[in-house]
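So the structure is just underneath, and the comments pick up after that.
The values are calculated or read from the model by the stated rules, or taken from the named source; none is laboratory data. Because the structure is predicted, anything quoted here is derived from the model rather than measured. Cβ sites come from the backbone with ideal geometry, for glycine too, and all protein chains shown count toward neighbours.
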Amino acid sequence: MQIMRFRFIAVALIGTFGLACAAPSQTSSQPGAIGETRPNMPPNLPSISGRTMTMAVGRAPESLGSRPLRELRGPGNPSSALRMFNAGLTYNDSQEISKPYLAVALPQLGTDSWKTNADGTMETTYQLKPGLTWHDGHALTASDWVFSYQVYSTPELGVASSAPIGNISAVEAPDPTTIRILWKGTYVAADDLQATDFPPLPQHLLDAAFQRANWDAFAALSFWLGEYIGAGPYRLVGWEPGAYFEGEAFPGHVLGKAKIDRIKVVGISDPNTTVANLLAGFVHVALDQAMKDEQASSVEAQWGPNGGSVLRSPVTIRAAHFQMRPEYANPAATSDVRLRQAIVYATDRQAIADAVTVGGGRIAEILLLPRSEYYPDAYPVTNKFPYDIQRAEQLMAEAGYRKDAEGLYAGPTGRFSIEVAGTDSNPTELTVFADVLRRAGYDTSLRIIPRAQTTEPLIFANFSGLFDGAVNSTYLPNVEHFRASSIARPETRFLGDNYAGFNDPEFERLASAWDSTLDRGQRKTLAVQLIQRLGDVVPAYGLYCALFDVAVAAGIKGPTETVTNTNAAWNMHEWEWTS
């Protein structure tokens, strides 16, 4: 497939990973302005239906595949960009309620579409909607899921053990519109296989390369970025490496052709650059952490009541992860749970939240969002560590550490020195966090990981003390950040969300039961026990509930609040121009 490559014209504002504003529309009289939405537009601008909407994301994706073989690392998961080009058997709405997408209907437990067997295995059957095609016009059939399973279950590609791929024993295509999935055991989300879980892959384009079994070359194919073919609402028509890519509405999209004809996506790493572009009218929608709360508030104030809106959804817990692997941990004493508890007691989390969220942040006392259905049951029984310097001193003393003449903890082997690590997308948070611990008596150092290093293997796993990151989708117990199979290892090509290397047999037992229990009441019990276990062992602790901000310029309708920070573009095919 030949993809047009558009020349990138830089203007005044440039972000680290992409444009501050993009190449000018040929019909616009404003240099550098695309899809201009200001009042008093010149009459030669394209009509509403033909205009290009520019969307800023916090990081340009390293792959357009919804289940990439190269992990999307670093801040600002560009999930909205991936949503443009991909479709799965199901999709989730703003409340994470599953709906049919490429499939006619969701499998129903207790019917022929979802069978459970006496030996604990399962079988689910999906019927595809008729007439499905890939963006290149080739028929999309059940065999593309059979091929997809062959790809993702290949151990050398690094994702074979992750859910749901690792839970599947076989995928069959009895006919072109029927997908039969055989499960190794009970898998509760078997009726919710989104594009990020188990996407189809175009066998007609990838099979030859797959058969060569050169796995590094397969993962690096130009298909995954500049020549991508999917089945989502937009098909790729333009791409400038490191700058932007552009999609046009796909007429064959199964939910209907998108109402906005063209979308250009630019990666802007500097939130202030995002603000400037929004205010100038060069960017129409900013999401996926293209800006922080402070910048979102600034945009909202400067736009005023008629300039646009900012949607704020509390969807993420910012959390500090302790290094649990002995080969990396320094000081090694953090293997003592008393020291981990002491550090939590000593963390003035409200100070961190206030500094980052302009006073709008709420302390995350447990690793579960207050809006979760499990929160009322989990909160009373889970250990909480309110800010308490005296209690921290008691626990440190029990472990053999007392403050020296400079007010910093020291023990038999010297100062208790600990590193606070994180990416350069959160410098204020990192600086305040390290300062809070130092004022509490900890000799802290700061390690800020440059964005350019976030694609390096193990960059989020080889920290020595504390890693400041996000725990997403915490309306549910987020087992993927803490289960052993998510530890980044050479055999997984260093993929994995378990930054700290936490490996706890009791947590593994509960997580396995959580994955395999269908009864709603039992799942609630397990959810509470999972959160409770994290409070007992303290591999990580919540700092505050972070807000997910989406800025939408006047003249655009469609974006909504969501319960996760990965689903902001769930209905992007319904977004539309209103003026």
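Quick notes on this one:
- Set THR334, THR357: member being assigned by TED's automatic domain parsing to the domain that holds ALA488 and either closer than 30 Å to ALA410 by Cβ or of a type in the set (A, V, I, L, M, F, W, C) (or both): THR334
- Among the candidates ASP288, ASP270, ASP293, the residue that is acidic (Asp, Glu) and touching an Asp or Glu at 6+ places or on another chain (Cβ under 9 Å) is uniquely ASP293.
- Restricting LEU476, LEU518 to those that are within 21 Å of the chain's Cα centre (by Cα), among the hydrophobic types (A, V, I, L, M, F, W, C) and over 30 Å from GLU419 (Cβ atoms) reduces the list to LEU476.
- When the stretch 498-518 is filtered for residues that are among the hydroxyl-bearing types (Ser, Thr, Tyr) and either closer than 21 Å to SER372 by Cβ or not in a loop (DSSP other than H, G, I, E, B) (or both), the ones remaining, listed by number, are SER512, SER516, THR517.
- ASN498 meets all of the listed conditions (1) under 18 Å from the mean Cα position of the chain (by Cα); (2) in contact (Cβ under 8 Å) with a residue 40 or more places away in the chain but one, namely (2).
- Selected residue (only one of SER79, SER113 is surrounded by 17 or more Cβ atoms within 10 Å (Cβ to Cβ) and in the same structural domain as LYS257 (by TED's automatic domain parsing)): SER79
- Tallying residues that are at pLDDT below 95, touching a Lys or Arg at 6+ places or on another chain (Cβ under 7 Å) and surrounded by fewer than 21 Cβ atoms within 10 Å (Cβ to Cβ) within the stretch 240-260 yields 1.
- Residue in the stretch 517-536 that is surrounded by 19 or more Cβ atoms within 10 Å (Cβ to Cβ), at pLDDT below 90, among the aliphatic types (A, V, I, L, M) and touching a strand residue (DSSP E or B) at 6+ places or on another chain (Cβ under 9 Å) present: no
- Condition broken by ALA551, with the remaining ones in (1) of a type in the set (A, V, I, L, M, F, W, C); (2) more than 28 Å from ARG509 (Cβ to Cβ); (3) surrounded by fewer than 24 Cβ atoms within 10 Å (Cβ to Cβ) satisfied: (3)
- Qualifying residue in the stretch 426-439 (condition: at pLDDT below 90, among the charged types (D, E, K, R) and within 21 Å of the chain's Cα centre (by Cα)): no
Residue by residue, here is whether (1) surrounded by fewer than 19 Cβ atoms within 10 Å (Cβ to Cβ); (2) within 30 Å of THR517 (Cα to Cα); (3) free of Cβ contacts under 8 Å to residues at least 24 places away in the same chain; (4) assigned by TED's automatic domain parsing to the domain that holds LYS292 holds:
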| site | (1), (2), (3), (4) |
| --- | --- |
| ALA392 | no, no, no, no |
| ARG402 | yes, no, yes, no |
| SER417 | yes, no, no, no |
| ASP435 | yes, no, yes, no |
| LEU446 | yes, no, no, no |
| GLY469 | no, yes, no, no |
| PRO477 | no, yes, no, no |
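- Qualifying positions in the stretch 230-248 - in contact with a strand residue (DSSP E or B) (Cβ under 6 Å, 6 or more places away or on another chain) and either part of a loop (DSSP other than H, G, I, E, B) or of a type in the set (Gly, Ala, Ser) (or both): GLY238, ALA243, GLY247
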